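Q: My structure is below; once you've seen it, I'll send some questions.
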Amino acid sequence: MKITAVEPLLVQAGRRNHCFVRVRTDAGLSGLGEAYSVGPDRATAEVVAYYSDWLVGLDPLDIEGIWQRLYIGARFPGGVVGNSALSGIDIALWDLKGKAQNVPVYQLLGGKCRERIRIYQAAHGADTNDLVDMAVSMAKKGGLTAIKANPLPDEVEQLGWTAVLHQVDRRMALLRHRLGDNVEIALDPHAKLLEPSKAVELCDVLEPYHPLFVEEPLRPENIQALAEVRAKVRVPIATGEMLFTKWAFRDLLHARAVDVVQPDVCSVGGLTEAKKIAALAEAEYVTVAPHNPLGPVSTAASAQLAATLPGFVVLEHVPDNEGPLRDLVVAPYRVVDGYLELPDAPGLGIELNEEYCRAHPYVAWRRGQPIKPDGSVGLL
Ligand SMILES: [Mg+2]
């Protein structure tokens, strides 16, 4: 079997684009993957198309060799665009290999060590009451055992720090009271802080509520600063959604900066790289909660991976059984009582709704950027 084409497909659905990747072969089989939608999504699609010439004529079952060809062949360590393109291709190759061998991808990744995949969903809201209402209704609707929320108020850039901490405490008290003790609360301040001392103060306010983890209490560039925060707090620290490849996670783990790593299969280097990162983490007694904010194809790849990881804790999940995300695929994975059911179909067990995808092409988008009272740029 030989690769005949590697094709990007940009589709607008929900709040963002989805950058799907199709690897085609001369055997008539094809594989489906997804690259992370980072913003300049046409750039990611262009890199996928650029790599097509490198791969035509190769055996698609040689996944490790193809990963090396793309990563080392680019010479420069990839940034988010290059690594996302590589990831989308890698995921498509695993899907293709599963179909070629008539087994689910988890069988190719070593076989499963769990039967179903625990998920959490993220609640949002204009204010604390809205957010808590959404968290309660999500938990009830999905039978969830965990939800995620931003502990910081939206107007964090506008408020004094003492006011912020008081609002955080009120939000946490209400969340815990309404959700009860059996729904775990993961917290994501969304890399909104730059000062380690403030991150420590925030974690101290969160500690009495026993969060499942506190994600990105600092921006990701300075791993040593995060290690200093972790050494001073008693809540589990999670991070990794903005890091790529085993080498970045190696540095993170060696700095003892993290309790829960959050690789994203659509940007970290695909399933090939995510499996290795999980092994590095396992050896350090660090657990894995894959980052997965995109949609049903990313969810399928992440769930297949999670099935094989001894240190897996919980998978991020965006509700996809209604609305535009539902329309992207023929059938999303089923959620039953807070867990994803693993299909036994070959490959990833997910197929695009091609007609819908072709009818909803790329739309330019960007993240909103907060401006502080003095006119300077806030973090997002
Ligand atoms: Mg996050």
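Q: Answer with yes or no whether residue 160 is more than 16 Å from the ligand (Cβ to nearest atom), loosely packed, with under 15 Cβ neighbours inside 10 Å, modelled with pLDDT under 95 and not basic (Lys, Arg).
A: Answer is yes for this residue.
Q: Shifting gears a bit: Tell me, which strands (runs of 3 or more DSSP E) lie completely within the stretch 182-245 with 1 or more residues that are of a type in the set (Phe, Trp, Tyr) and at negative phi?
A: Hits in the stretch 182-245: 213-215.
Q: Let me ask you something else. Taking the stretch 255-272 as the region of interest, how many residues are touching a residue at least 40 places away in the same chain (Cβ under 8 Å), of a type in the set (A, V, I, L, M) and surrounded by 23 or more Cβ atoms within 10 Å (Cβ to Cβ)?
A: Number satisfying all stated conditions: 3.
Q: Taking the stretch 288-312, which residues are within 16 Å of the ligand (Cβ to nearest atom) and surrounded by fewer than 22 Cβ atoms within 10 Å (Cβ to Cβ)?
A: 293 - this is the single residue of the stretch 288-312 that is within 16 Å of the ligand (Cβ to nearest atom) and surrounded by fewer than 22 Cβ atoms within 10 Å (Cβ to Cβ).
Q: When you look at residue 259, is it charged (D, E, K, R) and away from the ligand (no atom under 16 Å from the Cβ), yes or no?
A: Criteria not met by residue 259.
Q: Let me ask something else. Based on this model, can you work out whether residue 245 counts as farther than 22 Å from residue 118 by Cβ and in contact (Cβ under 8 Å) with a residue 24 or more places away in the chain?
A: Criteria met by residue 245.
Q: What is the residue count in the stretch 8-33 for residues that are at positive phi and in contact (Cβ under 8 Å) with a residue 40 or more places away in the chain?
A: 1
Q: Can you find even one residue in the stretch 323-331 that is within 16 Å of the ligand (Cβ to nearest atom) and more than 20 Å from residue 91 (Cβ to Cβ)?
A: Looking through the stretch 323-331, none of the residues is within 16 Å of the ligand (Cβ to nearest atom) and more than 20 Å from residue 91 (Cβ to Cβ).
Q: Next question. Please go through the stretch 197-220 and give me each residue that is closer than 20 Å to residue 261 by Cβ and away from the ligand (no atom under 15 Å from the Cβ), ordered by number.
A: 203, 206, listed by residue number.
Q: Let me ask something else about it. Out of curiosity, is residue 175 buried (at least 17 other Cβ atoms within 10 Å of the Cβ), of a type in the set (A, V, I, L, M), away from the ligand (no atom under 16 Å from the Cβ) and under 12 Å from residue 151 (Cα atoms)?
A: Criteria met by residue 175.
Q: So which of 107, 121 is modelled with pLDDT of 95 or more, in a helix (DSSP H, G or I), of a type outside the set (Gly, Ala, Ser) and more than 30 Å from residue 376 (Cβ to Cβ)?
A: 107
Q: Spot the failing condition for residue 308; the list is (1) under 18 Å from the mean Cα position of the chain (by Cα); (2) touching a residue at least 40 places away in the same chain (Cβ under 8 Å); (3) over 22 Å from residue 101 (Cα atoms), and only one is missed.
A: Of (1) under 18 Å from the mean Cα position of the chain (by Cα); (2) touching a residue at least 40 places away in the same chain (Cβ under 8 Å); (3) over 22 Å from residue 101 (Cα atoms), only one is false for residue 308: (3).
Q: Only one of 273, 241, 228 is among the acidic types (Asp, Glu), within 14 Å of the ligand (Cβ to nearest atom) and not assigned by TED's automatic domain parsing to the domain that holds residue 38. Can you tell me which?
A: 241
Q: Report every pair of residues separated by at least 6 positions or lying on different chains whose Cβ atoms are under 6 Å apart, first residue within the stretch 313-342 and of a type in the set (Val, Ile, Thr), second in a strand (DSSP E or B) and at pLDDT below 95.
A: That search, which allows pairs on different chains as well, returns nothing.
Q: Spot the failing condition for residue 118; the list is (1) away from the ligand (no atom under 16 Å from the Cβ); (2) over 30 Å from residue 64 (Cα atoms); (3) in contact with a Ser or Thr (Cβ under 9 Å, 6 or more places away or on another chain), and only one is missed.
A: All conditions are met except number (2).
The values are calculated or read from the model by the stated rules, or taken from the named source; none is laboratory data. Because the structure is predicted, anything quoted here is derived from the model rather than measured. Neighbour counts run over all protein chains shown; Cβ positions are idealised from the backbone, glycine included.
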